[in-house]
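The values are calculated or read from the model by the stated rules, or taken from the named source; none is laboratory data. Remember, it's a predicted structure, so these values are computed and weren't measured experimentally. Because the Cβ atoms are built from the backbone with ideal geometry, glycine has one as well, and the counts that use them run over all protein chains shown.
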Amino acid sequence: MRTPIIAGNWKMNKNIAEATALAQELRAGLAGLTGIEKVLCPAFPALAAVSDLIRGTDIGLGAQNMHWEEKGAFTGEVSPLMLQGLCRYVILGHSERRQCFGETDEGVNRKVKSALAHGLVPIVCVGETLAENEAGRTAEVVGRQVRNGLAGLTAQQVASLVIAYEPVWAIGTGRAATGAGAGAVIGLTIRGALAEMYGEATAQAVRVQYGGSTTAANIAEFMAQPDIDGALVGGASLKAAEFIQIVRVAAEMRR
Ligand code: PGA
């Protein structure tokens, strides 16, 4: 049984005061919603404040990026040693990092290995662009991202991480994938690649989220898919009531 996981990716939003206020509302509203893992991913400056606020609750904390090196002359970067003990999760290879900051599958693979070596749980993002989708290249692109991004791990490591399937054309556009469409990519392409690499049992053990314009109104469609284990939520995670409702629907559907 895979425990579903709903993570809020706050992206480059919320200063410390705003993040604190949002986390306070979420702490109250998410209390008692069980059977599902809940994770908040604020920007780096707010991680410590949100960590203090959710200590002792069952809400997890995640960073949005990380360098693979432990320390050194990498101005502007944050290392696994700095996240260790502060958060449990780290989003890696988000399409915005790939598109705006030139991240490659190989770089994502280094980050994944480093995160795992430091006891962090990677949320590894994959997904095709609109052009790739329209050209019928979804399986090729997503399959490549999974194979290259998760190369050289042990089956046990793979089983412990989270993958987020986020079609780029669905992110922040209000144009979510369909449940069936996302379920097929996750079930066939992503779990298929994992099965080839690490065996069927591992492929079935990995939690795979859907991400891209998820809302309280459409989360049920994704949770109804047996291969989808929750969501990586962007815009809708910045509104407390909406995020709480997303988690509530997801928790009720998996009970
Ligand atoms: P969105 O973002 O929910 O705003 O589309 C999802 C994501 O980028 O993780």
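At a glance:
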{"item": "Residue satisfying condition, being surrounded by fewer than 18 Cβ atoms within 10 Å (Cβ to Cβ) and among the polar types (S, T, N, Q), within set T138, T57", "result": "T57"}
{"item": "Helices (runs of 4 or more DSSP H) lying entirely in the stretch 116-197 (those with 1 or more residues that are away from the ligand (no atom under 16 Å from the Cβ), over 24 Å from L40 (Cα atoms) and of a type in the set (S, T, Y))", "result": "138-149"}
{"item": "Test for I54: is it closer than 24 Å to M223 by Cα and either acidic (D, E) or touching a strand residue (DSSP E or B) at 6+ places or on another chain (Cβ under 9 Å) (or both)", "result": "no"}
{"item": "Any chance F243 is at pLDDT 95 or above, more than 28 Å from A131 (Cα to Cα) and touching a strand residue (DSSP E or B) at 6+ places or on another chain (Cβ under 6 Å)", "result": "yes"}
{"item": "Listing of strands (runs of 3 or more DSSP E) fully contained in the stretch 1-101 that carry 1 or more residues being out of contact with any Asp or Glu (no Cβ under 9 Å at 6 or more places or on another chain) and among the aromatic types (F, W, Y)", "result": "89-92"}
{"item": "Evaluation of G174 against (1) surrounded by 15 or more Cβ atoms within 10 Å (Cβ to Cβ); (2) over 24 Å from A63 (Cβ atoms) (one fails), failing number", "result": "(1)"}
{"item": "Subset of the stretch 220-244 [assigned to a helix (DSSP H, G or I) and more than 11 Å from the ligand (Cβ to nearest atom)]", "result": "A220, E221, F222, M223, A240, A241, I244"}
{"item": "Check on T104, within 16 Å of the ligand (Cβ to nearest atom) and of a type in the set (S, T, Y)", "result": "no"}
{"item": "Flag for A217 being outside any loop (DSSP other than H, G, I, E, B) and surrounded by fewer than 18 Cβ atoms within 10 Å (Cβ to Cβ)", "result": "no"}
{"item": "Qualifying residue in the stretch 11-27 (condition: under 18 Å from the mean Cα position of the chain (by Cα), within 27 Å of T202 (Cβ to Cβ), surrounded by 16 or more Cβ atoms within 10 Å (Cβ to Cβ) and not hydroxyl-bearing (S, T, Y))", "result": "no"}
{"item": "Close pairs (6 angstrom Cβ cut-off, 6 or more residues apart or separate chains): under 15 Å from G85 (Cβ atoms) in the stretch 110-130, among the polar types (S, T, N, Q) and within 14 Å of the ligand (Cβ to nearest atom) anywhere", "result": "none"}
{"item": "Close pairs from the stretch 230-252: first within 21 Å of T173 (Cα to Cα), partner acidic (D, E) and modelled with pLDDT under 95, Cβ under 8 Å, at least 6 apart", "result": "none"}
{"item": "Selection from the stretch 200-214 of residues that are of a type outside the set (V, I, T) and assigned to a strand (DSSP E or B)", "result": "R207, Q209, Y210, G211"}
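The rows are residues; the columns are (1) under 14 Å from the mean Cα position of the chain (by Cα); (2) surrounded by fewer than 23 Cβ atoms within 10 Å (Cβ to Cβ); (3) closer than 25 Å to I54 by Cα.
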position: H118; (1), (2), (3): no, yes, yes
position: G127; (1), (2), (3): yes, no, no
position: E134; (1), (2), (3): no, yes, no
position: G143; (1), (2), (3): no, yes, no
